[in-house]
Structure formats: structure tokens, C-alpha cells
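Reading through the C-alpha cells given below for one structure.
Bear in mind that the values in this text are calculations on the coordinates, not laboratory data. Just so you know, these numbers come straight off a predicted model, no measurement behind them. For neighbour counting, all protein chains shown are included, and Cβ atoms are generated from backbone atoms with ideal geometry for every residue, glycine included.
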Amino acid sequence: MIRDKKDLDKKRGKCIIGFAALGLLLAACSAPPGSVDGIPDEWEGDTEEEMKDAETKKEWPKEQDSCEVQALSGYLYEHILASPYASAEIAIKDYEGEMLEDGWDVPSVFQFEGEADVTWRFYDSLAEMETVLNEAAVQEPDGSALHFLYYTFPLTENDHALDLYHTLKRQFDSEAHPLTAWSADNGKLFYYIQETLKEEDGHEFSYLYSRSSKVNLYVKDRTAYGLTLLNAPTEEDDEALEYVFKDVFQRYGILGSGWGWGLDEESLYWVDHEERRTKLEDPKRSFLEVRGIDENWESAGDEGIMRYFGVLVEADYELPLTEDGRMLSLHFSLAEGEEDDEISARERFAEDEDTDTDTELRYYLLNGFCMDEPFDMTVTDLETGEVLQERRVSLSIELPDTITYPDLNGDGYADMRVGAPAHMSGAKAEEDYYTSPSYLLWDPQTEQFERRTEKEVANSAKAVANGLTEEEQAEKTKRERRDPFVLVQELPEQAKTEDYIRLAGDRLLEYRVQEGDSLWRISERFYGSGYQWTAIVRDADAPKDSDQLSIGETVFVPEFFYIRKDPFSRGGLRSEGSFQIEQPDGFAYYFLSGDVMYASWEEENQIHRLPVTNPVGEDPFREPADWEAFQADAARCSEELCPGKVSNLTFEKYHMEDGSGLYGYAFEYDTGEEIIEYVDFFRFGKANMVEVIGVREQEPNAVLVNTVRYVAASFTDYGGEPGIGWGGEAGPNVGADQWEYPYLHNLFEAARMQFAESPGSFYGHE
């Protein structure tokens, strides 16, 4: 019986602490009828052999022993037991624990002094052990020592890791003490631990080894090992208690290495299952999974738990094509590969060349990235049996049901949306976390599913709504495309200044005073705040009194521009303590590397950006002469590198409110077949800088220029280093040796390399 926390605190030595119930819970995975919450009122979980043995119960003598605390872990694990069902009461007095210095990449080592008294008991069955341990739990232990109960027993073939997890979770999980599953020893050992959550200084901490945690159950080679604290004399013993728990189980090299990894339910399922078939309805669907091995965990050996995951090998769907129309059957199978195809997953990850395809499939899953593999899709008319389509599609190998069949474009036919789940450290992660889904629209003319991008799906939906073809709708959209980041020189009425980024130009504008004007009101109009009135410049002969303004008087104000901040921002791209930068929807984003390539098959505006450490240390174009020199050098590069190809070369310079400058240039490049638009804006922070580059096929609007300008203007430098993975290992910027600014990409050289050196080649190289 498990009592509430207050009762446990009051009667710690009188309750059933849970360790004893663990043996009972193991068999509760297949509890007999009449049990409550998986625990039978009377023990009925013994095997037939156990019950026979109980009739001729053997009297096991107690075995008294002792050992040094430092050697306790090895002693418990390697002790030659008289029976597979055994327990040990452990009393530790007068001990000291010390953590020894060790390398960063190896488990910590603990040095103990002191003796441990051990009393062994042996049993004929799990039921008998459970009874004795419950009796031991209600005894008052000596308050001057640490008292533990250790127990071990074999698991039956019907005891599965996931079932055990659910049973333990049902009985012991709570908000303050959540039950979790972990693996150690490179996955060869897994264990169940009841964590203890504590709030300290406004922060929540999790402790795996606490006097309040009741479940410490370890499983290795189908044998269970449990350790539970009976008492700890003082709160100061918590640190030593943690040492004891870790040393007994995790720090011992045979039983566990100490490196723990959290196990999700999926990982636990594949510990002891070879395959599974699941069936779901609406629409009717069926999935066959087999156990695969993740080659990431090569150090775990063939039995490493963290290596196992479910591989989808077959999926079947039955669905109506229209609301009352014909039924389709869709069959997906993991591609076997053909002579002219790429090597299939089965062939690529087989153990060796002689291994047949029925063995466990081996993969190298990239942690944190979406994993998909080719599947063969067959679409059949269920009424006629006619095969309508056969094609190759990409599906997740990890998560079976990633396909839904909504009417994506509103034409009355079922379409396909294929999700892209991510693989995270041996476990599944949420769908679409790293990669957008893919789409296949049903074409009633060809009677096939056709691949579409998200943009094309949206275009098709608009086309259906407007009664246009997809081509006609695309042209209409191009003409009507909104420009949410256009520069404006005056804020709209009722606009909030915090919703805008303000840029100041290099020149002063004349403003003629009107009736009712004051310096305060003029400041509000141009600056967004009346407190900036002192920045307004008046003629030398104007009255010195700021309150005296004459109608028709000329004053001078900076040329201000405003950009509306993205109201749908999700926080953009950020590196904690380093930088933040926006990335509005509707654009294809790429990390900025040494090269800048235009992906011609993408019919989207493409933006390349990635903040990096500022190598120049200050704004190199603050002085007008320096910016004029840059413009001259850029014009030279356009003529020398791209003779006759570049047109409409323009430059922009602004001042940000934080005192930094925002700089940019844009041009059009003639490939001979099409006009490509290039845009580059850059800023320099105190620690980091950002360069934002946009590329697209020319369109009759300023969307790309305005968006790239906004993204660069949104850059915030927090002062910290971007860190590993933020472009630190990128090669030299393209064209860095072609001008005096190696810290910037030379887009004239980028265009020349891609389109002039090797016409028609995406990468521009022979």
C-alpha cells in the first residue's frame, strides 16, 4: 500500500516503502483477474514450478557477512547466490565518502572508508521474498547507521520492459516524484528510478538519488536488482547517500558505466520485441514494424538498448477518394532497391554482404535530424483492382502514421500530407520539428498523386477558390504579392513606436511649421516621441525660445524611415547570450556558408543568413569616405568580374537607434536566360556581425530588398560568442580575395562562379 507524502514523512519506518512491492509489480504485468490496479490481493503470479517448490519449502539459513564500503558494489553483484531469489539487509556505520578527481570524459570515482554489515536471505519464490521484505520494511532500524535493502530475482519471459514501466508508473508516479527509465553501461543496463523534484531559489531541480525516492530497480541480462533506502539519520547524509547509490550500481564497471540516457516508451518496447503490427481505423490502416538498430550506438554492442528503434517496413491504407466516391488502397513498403537505383536501406545497413534481408535493419540515424527512406507506393482502385499509380516516395522510417489525407486544395478529392518526425538521441521526437511536411495532391485528370511544395499547395487552393488554373493563379499572386516590410517615412495614425524599427538616413529634411505645431509635436511626428525635440535643427536667426515657432518657419529633421516588425514572429533564429535575428515566413532560409548559390528549382525568395563573430572590431563604414570607398570597389567588381552582366547597382546606408550602421547593396544579374536579383545587407555589432543575402529570379516588386533589409535590421548582438555550429568552421567567403572586404561575401564573384564559369550548372563548376 502506498500512502500520501505527509503520511510517509510521519511514518517512514512503518510503511511499505515500495521496494518490496516491486517484485509483486513485476508479475503484475500479467496480473490475474480480480486484481486492482495491476496488483492482486493474494499472490497468484508464481510460475507452476514455483508453486510446486513452495509445497516442499526449503529452509534457507541466514548468511552473515561484511565488506568494505568501497567494495560493496562488486561484492553485491558478484556474490554467489544460493537461490535466484535473494535479498540483503545492509547497515553502514562510520563511513566517509570522497569524490576523486578524474577526466571530463569518464565517470567520477568515489573513495569510501568504512564497513558494511550484510545479512543475506534466500527464498524459493518471488512471492515468499515479497512477504519477507514487507516484514523487514516495518521494522525500526538502528538510527545511527544507513540501512538499505538489496534484492535480486530473475524476470520471466512474459515480463517486458515497457509493461513493467507502465506498472511502476501507475503505482509510484507522482508530480513530486516522477518515475523515469534510464539506460547505462552503453545501453546494456536499463533501470527505473523515481526522481525527486525540488524547488531551490526559484529553480526546479531533479534528483535521482534522494531519501524520498522509493523506486531504484535495475535490469541486466533479464535479472532485476533493487536497492532501497530504509533510513538516513540526518539530512546531511543526502550527499553520501547519492554516493552510495551511484557506487553500488552505476559506478561498478560490470553492472553499469554511470553514463545515463533517458529512455522513452518506444525504446523500452524494442528492448524485448522483434516486430509488431498495429491496426487503426478512420481511414482503415495497418502498420508493420520490425526492430532496427541505430549504428550511432556502436559502442553499445549488439545488445545495447539505446540502439533499438522501430523501423516501418509496410503500411496499408483504405480511404475514399471523395466523400461518396470510390475507395482507394495505398500500400507502402520499404524500398528494396533496383539495379539503377541508389543502394536501398536494407542493403546499405546489412551487417555484412552475406546477410539476408530478414535480419535486423541497420541504420546510422543522424541525431536531431529528420530521417526518411524511400518507400514504394502502390495506389489501387479497390472496386476494379486496377493499379492507378506506382511511384517512389519518402517516408519516416521511425514513426508509422505520419500520413493524413485531407482535401488540401478544396477540390473535393483526398490529398496526402506526409509528416517528417525527427530522430533525437535514440528516441522519436515531435512531428515537423526540424523539417516541414511534404504534400501530394490528387490530380483527377491523370488519376495520380502529384508531389507539390507547400507554396504550390497554397497556390492550388487559391486557384480552386478563384476558379483559375494553377498557372493563372500563380501569375495573379505574383502581381498582387504584399510587401509587409516596405519602408515608410511616417507612422500610421494610432501606431505604436515599439511595433516598428526606426532607421535614420544621412540627410536632413526641411519641414515648414504649420498652425498648431510645436517642437514637441514635430518630434512626436518624426521621432515617435516628443522627448526628441532637442534634435530638431532651427535656422541660426530663429528665436532662441523653443516655445516660439512661427507659421511657415523652416526647421530641419533627420530623414527617418520605419519598418513594421513582423507581428507573426516566432522569435527568429537565436543563440543564447549571443544574438537574435528574425526570419519571416514565406521565404526559404539557408545558413550562410562560404558560397552563395541560387537554387533554381526553388520558386521562393531565398535568404542566406548566419551571424558570426565580428572580425573587424568596429563599424568599418562609419565615416562617409569609407562607405564611398566600398561603393567604388563594388562598382569595380561588377565591371571586372561580370562585364555586361550587372545592372541597376544601388547602395543604401542607415543609422540604427543603437548607434550602429545598416549597409546594403543590390543588383540584377543577366544569366543569358533569366535575370537574377541579388541583395546584401550587413551590420556590425560590438562582438558579432551579420550579413543577410537574398537571391531570386527577378520579379516586378521590391519584396526581396525590403525583407532582407528588415532581417538585417532586426539583428540584436548580445555580446556572447555564437559558438559551435554557427558558421565558425565555414570556408573563406566567396570572392574574399577579389576586393578589400574579406569579411563580406562578394556577390559579383558568386554570380560569376555559378552562371558564367559553367552555364547551366547549379554549382558553377566543371
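Amide H to amide H, with H built 1.01 Å from N, Asp272 comes under 5 Å of Ala161, counting only residues 5 or more places away or on other chains. Ordering of 174-187, 483-496, 679-692, 634-647 by packing is 679-692, 174-187, 634-647, 483-496, highest average first (other Cβ atoms within 10 Å, averaged per residue).
Sorting 510-518, 402-410 by their mean Cβ neighbour count within 10 Å, with the most densely packed peptide first, gives 402-410, 510-518.
When you count the other C-beta atoms within 10 angstrom of each residue and take the mean per peptide, 394-401, 442-449, 188-195 line up highest first as 188-195, 394-401, 442-449. Applied to the range 742-756, the Karplus parametrisation 6.51 cos²θ - 1.76 cosθ + 1.60 on θ = phi - 60° returns per-residue 3J(HN,Hα) values of x, 7, 10, 6, 8, 6, 5, 5, 4, 5, 4, 5, 7, 10, 9 Hz, with x for Gly and Pro. Summing charges over neighbours of Tyr665, with a neighbour being any other residue whose Cβ is under 9 Å away from its Cβ, gives -2 when K and R count +1 and D and E count -1.
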